[in-house]
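Here's the structure we're looking at; comments come further down.
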Amino acid sequence: MEPEHPNVATILNNLAWVYQAQGDYAAAEPLFKRALAIYEKALGPEHPHVAASLNNLALVYQAQGDYAAAESLFKRALTISEKALGPEHPHVATSLNNLAEVYKAQGDYAAAEPLFKRALTIYEKVLGPEHPHVATVLENLADLYRRTQRQKEAEDLLQRARRIRGNNK
């Protein structure tokens, strides 16, 4: 297999995920970067695999607290996903949720809330109201509500997320 083949990028991403799961961001980062470069060269800069790779790399930066780098990559991934897949695709919702998490971590709740709500709407419409991804966004939005002293709204969302999680075990 050629070293610049998209399958190599997929393998690199998978290995990087192993390192990321172990918290070894120094090992994960260069693998995600190499996978991104391969996808960009082989598939073009606007391909959905590029967007997924941008999300992967941004998650490393987010975990390390480099929110500026994570934000930039999540925004680029969102733009690519919306253009390539349409505004209501689950990958768009993933990028919205990830970007909202960056804003929430920085205390920019006004920027995060509409992104969470849009991600929630997409997931509910496309995947159904009982999907685990819906529960994840409900939990993330509930955390934002707790941080902004909206306890009742937070508890309502958490109860719904618990019901979903219970239904999917």
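Note on the chain: Lys pairs 8 or more places apart or on different chains, Cα atoms under 29 Å apart, count 23. Across the chain, C-alpha contacts under 8 Å between residues 6 or more apart give a mean separation that, scaled by the residue count, equals a relative contact order of 13 percent.
For the chain, carbon and sulfur atoms together expose 54% of the accessible surface, with a 1.4 angstrom probe and every protein chain in place.
Taking Cα centre as origin and charging only the Cβ of basic (Lys, Arg, +1) and acidic (Asp, Glu, -1) residues, the dipole magnitude of the chain rounds to 480 debye. Shape class of the chain from the alpha-carbon gyration tensor: prolate, with a/c at 1.5 or above and a/b greater than b/c. Span-like helix check, the chain: no full DSSP H segment qualifies, none having both a Cα axial length of 30 Å or more and a mean Kyte-Doolittle of -0.5 or more.
Ligands, DNA and RNA are left out, and with a 1.4 angstrom probe the accessible area of the chain is 50 Å² per residue.
Ranked from largest to smallest solvent-accessible area, with a 1.4 Å probe on the protein heavy atoms, Ile11, Ile38 come out as Ile11, Ile38. For the pair Arg165 and Lys41, a Förster radius of 30 Å applied to the C-beta separation gives a FRET efficiency near 0.15, rounded to the nearest 0.05. Between Gln151 and Tyr109, the contour length at 0.36 nm per residue exceeds the Cα-Cα span by 13.6 nm. With springs connecting C-alpha atoms under 10 Å apart, model the chain as a Gaussian network and identify which of Leu127, Leu115, Leu99 has the largest mean-square fluctuation. Taking springs between Cα atoms under 10 Å, the residue moving most is Leu127. The slack between Asp24 and His89, meaning 0.36 nm per residue of separation minus the straight C-alpha distance, is 20.3 nm.
The values are calculated or read from the model by the stated rules, or taken from the named source; none is laboratory data. Just so we're clear, the structure is a prediction, and the values are computed from it rather than from any experiment. When we count neighbours, we look across all protein chains shown, and the Cβ atoms used for this are built from the backbone with ideal geometry, even at glycine. We work out accessible area using only protein heavy atoms, side chains counted, and drop any ligands, DNA or RNA first. Shrake-Rupley method; radii C 1.70, N 1.55, O 1.52, S 1.80 Å.
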